[in-house]
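Chemist: Here you go, one structure.
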Amino acid sequence: MTDVLLLTFVFLVAGVVAVPIATRLGLGSVLGYLIAGIALSPLLAWLHVDLISIQHFAEFGVVMMLFLVGLELEPKMLWQMRHKLLGLGGFQVGSTVLAVMLIAMLLGQPWTIALAIGMVLALSSTAIVLQTLNEKNLVKSDGGQASFSVLLFQDIAVIPMLALIPLLALPELLSVSEHAQDLTAADHGTSLSLVAGLSGWQTTLVTIGAIAFVLFVGSYLTRPLFRFIASAQLRELFTATALLMVIGIALLMTLVGLSPALGTFLAGVVLANSEYRHELESDIAPFKGLLLGLFFITIGASINFDLLFSNFSTIMALTLGLIALKAGVLLVLSLIFKVRGADRWLMALGLAQAGEFGFVLLSFTVASSVIPVEIADRLMLVVALSMMLTPLLFILYDRVIEPRFANAQEREMDEITEQQDIIIIGHGRIGGIVNRMMRAAGYKTTVIDYSSTQLEMLRTIGLRVFFGDGTRPDLLHSAGIDKAKLLVVAIDGKEQITELVHHVIKEYPNLHVLARATDRNHVYDLWAVGCRDIVRETYDSSLRMGRSAFQALGIESERAALMTEQFNQRERQGMIDTAELYRKDVPLSQNTALQAKIKELLAAAENELLGQHASVEADDETAIRSQIPKA
């Protein structure tokens, strides 16, 4: 018991310390776990810890990961992504496997080992790439969407790879593996199997039956089961049931000789449209995260540093060669699938590393007698080093590649040939609606947006939009800002909005500026630079939700509208009062005047019986009613 507690404590401490540090340095959580394992390696060796046994236990985190991947694969989403998912993703995996296989065969490896190596190295790191794209707000870019499609196909491709690898077993390795399994069986008893002793066609029938059973359970039995469990209103019971389902399906797949990941993946796909999908995700995700973290720690701890230092030049050459090969394949595919500009390099450099599934497949190939241990140890180092170099590739993109393409874009900005009374900067989810309203009312607008993909789509439906950076003074001058009556600022980015508004109000004091604010503090910033027509992007929708909440509680529609407008008037006046006291260079914790005003307003709101009055004074009601916006 003491040994178990000690190991648990050591692993948790390593993860808790290393992962936040790695995340802050931009290395990602996976590399944090790997570094933690490397740091623990001497201690675990001194304690004589059986890393292989712990690794086999932690591999169940991969099973859970594939279950969660299945939950994300809604048929509608897959259909929308079908071209890039099947085309770009399929060609990336296939081309990389063939290229690596050819190189391995030229280096003297048999075709079976070469094919297995190709499958291991064709995959990229889903954890590192998606986390980095999220941190840099690049997920919705063309390069980010293309990268996601490739990663999604790779996650799916793991399933057939796991099924194919055992068929590549080498006889000489298989005999050694079988001998080891015989010794294990003699010590621990024979493993349970539903297909032991069956003929080929009988095994096939049992396997098909097991898969059909999983699909049947996922389609027809899970809903009544979870409905029954939910009636108990015990959160821990729902969590236990989710674990029971995942473990049970994994056990069934193991008993029929299939990969447990295959069964849980299929179950996840079946449940993708279930009303319990999000609950299942929230219950399984923590266990998946902890087990995957433990798995990566064991990988880091098992790295053979003697092998690395004794073959340093060879392993580094293989690592850099792999990165160059995968980036080259992706650059060629980007030309075919029309991923342009900086997005092309974002995809190529972002996916050039090997991935965490490479560790899984390497362990599986060794256990299946496909790749010798000596080669697997070297490949393990190549996978780990390529992942550790990934942050440097993203830095290269940020500091060298992206600025060059940004400058190229600036030189290719549209020449604005039309000047209208209304200028709209940004044609996204906010600016687009404003533009449509103006055009519907008969007003002409000059619209400027910096997303070439967005503008191409708008032009195909007949909307005249100019491509360019709307924050540039020379472009604003070309758009006729000195003659315009209204400027609508609807771009993303708090700082960009504030800087643009500050410049325009200073240079064109007679121009009416309508600015988008991202939050309450941003309203203060815009007020401080002189803007007096500010719209919080979620404020009006929040008021509508509040009014609906009143109605849901039984308050009549008209009275709910009065109460909402009363709150709106008080809130708007409160914003003005507090904005006058806001100082950008003084933190809120030190602005005593602003703190006092906020406390005063909160106290007044609590004392005011909003919505609790039996009636409203007629004059006040008439005044308020006249200001109620139409729903």
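Chemist: Determine which single condition V370 fails, assuming it passes every other condition in (1) open to solvent by less than 20 Å² (accessible area, probe 1.4 Å); (2) touching an Asp or Glu at 6+ places or on another chain (Cβ under 7 Å).
Modeler: Against the list (1) open to solvent by less than 20 Å² (accessible area, probe 1.4 Å); (2) touching an Asp or Glu at 6+ places or on another chain (Cβ under 7 Å), V370 comes up short only on (2).
Chemist: If you go through the stretch 69-91 one residue at a time, how many are surrounded by 20 or more Cβ atoms within 10 Å (Cβ to Cβ) and modelled with pLDDT of 80 or more?
Modeler: Residues flagged as surrounded by 20 or more Cβ atoms within 10 Å (Cβ to Cβ) and modelled with pLDDT of 80 or more within the stretch 69-91 amount to 2.
Chemist: If I filter the stretch 317-341 down to residues being open to solvent by 40 Å² or more (accessible area, probe 1.4 Å) and not in a helix (DSSP H, G or I), which single residue comes out as farthest from W46 (Cα to Cα)?
Modeler: Here the answer is K338.
Chemist: Could you check the stretch 141-151 and list, in sequence order, the residues that are in a helix (DSSP H, G or I) and either small (G, A, S) or surrounded by fewer than 21 Cβ atoms within 10 Å (Cβ to Cβ) (or both)?
Modeler: If the condition is that a residue be in a helix (DSSP H, G or I) and either small (G, A, S) or surrounded by fewer than 21 Cβ atoms within 10 Å (Cβ to Cβ) (or both), then G143, G144, Q145, A146, S147, S149 are the ones that fit.
Chemist: Right, here's the next one. Go through (1) more than 30 Å from V19 (Cβ to Cβ); (2) modelled with pLDDT under 85; (3) among the acidic types (D, E) for D398 and report which single condition fails.
Modeler: (1)
Chemist: Residue under question is L594, and the condition is that it be more than 22 Å from T498 (Cβ to Cβ) and not charged (D, E, K, R); does it hold?
Modeler: Spelling it out, it is not the case that L594 is more than 22 Å from T498 (Cβ to Cβ) and not charged (D, E, K, R).
Chemist: Right, here's the next one. Would you pick out the residues in the stretch 551-590 that are outside any helix (DSSP H, G or I), over 26 Å from K494 (Cα atoms) and open to solvent by 80 Å² or more (accessible area, probe 1.4 Å)?
Modeler: L553, E556
Chemist: Quick check on the stretch 17-46: of everything there that is without any contact (Cβ under 8 Å) to a residue 24 or more places away in the chain and farther than 24 Å from V129 by Cβ, which residue is most open to solvent (accessible area, probe 1.4 Å)?
Modeler: W46
Chemist: Any chance the stretch 331-353 includes a residue that's more than 24 Å from D142 (Cβ to Cβ) and touching a helix residue (DSSP H, G or I) at 6+ places or on another chain (Cβ under 9 Å)?
Modeler: no
Chemist: Given the criterion open to solvent by 60 Å² or more (accessible area, probe 1.4 Å) and either touching a helix residue (DSSP H, G or I) at 6+ places or on another chain (Cβ under 9 Å) or at pLDDT 70 or above (or both), identify the matching residue among L167, L138.
Modeler: Answer to the check: L167.
Chemist: Still on this model: Kindly indicate whether L5 is surrounded by fewer than 21 Cβ atoms within 10 Å (Cβ to Cβ), at pLDDT below 80 and among the aliphatic types (A, V, I, L, M).
Modeler: The answer is no for L5.
Chemist: Which residue is surrounded by the most Cβ atoms within 10 Å (Cβ to Cβ), if the candidates are limited to the stretch 480-498 and must be assigned to a loop (DSSP other than H, G, I, E, B) and either among the basic types (K, R) or at pLDDT below 85 (or both)?
Modeler: D492
Chemist: Also, quick follow-up: So, in the stretch 203-231, of the ones that are polar (S, T, N, Q) and closer than 15 Å to V269 by Cα, which residue ends up surrounded by the fewest Cβ atoms within 10 Å (Cβ to Cβ)?
Modeler: That would be S219.
Chemist: Can I ask one more? Of everything in the stretch 202-252, what is more than 15 Å from Y276 (Cα to Cα) and of a type in the set (S, T, N, Q)? Give them in sequence order.
Modeler: Once the filter is applied, which keeps residues that are more than 15 Å from Y276 (Cα to Cα) and of a type in the set (S, T, N, Q), the stretch 202-252 yields Q202, T203, T204, T207.
Chemist: Scan the helices (runs of 4 or more DSSP H) fully inside the stretch 232-316 and keep the ones with 3 or more residues being within 24 Å of A212 (Cα to Cα) and touching a Pro at 6+ places or on another chain (Cβ under 9 Å).
Modeler: Hits in the stretch 232-316: 235-255.
Chemist: Now for a different question. Out of everything in the stretch 244-294 that is of a type in the set (F, W, Y) and modelled with pLDDT under 80, what residue ends up being surrounded by the most Cβ atoms within 10 Å (Cβ to Cβ)?
Modeler: F265
The values are calculated or read from the model by the stated rules, or taken from the named source; none is laboratory data. Everything numeric here is computed off the predicted structure, so don't read it as measured data. So basically every Cβ, Gly included, is an ideal-geometry build from the backbone, and we count neighbours across all protein chains shown. Each accessible area value is taken on the protein alone, full model and side chains, heavy atoms only, with ligands, DNA and RNA left out. Shrake-Rupley method; radii C 1.70, N 1.55, O 1.52, S 1.80 Å.
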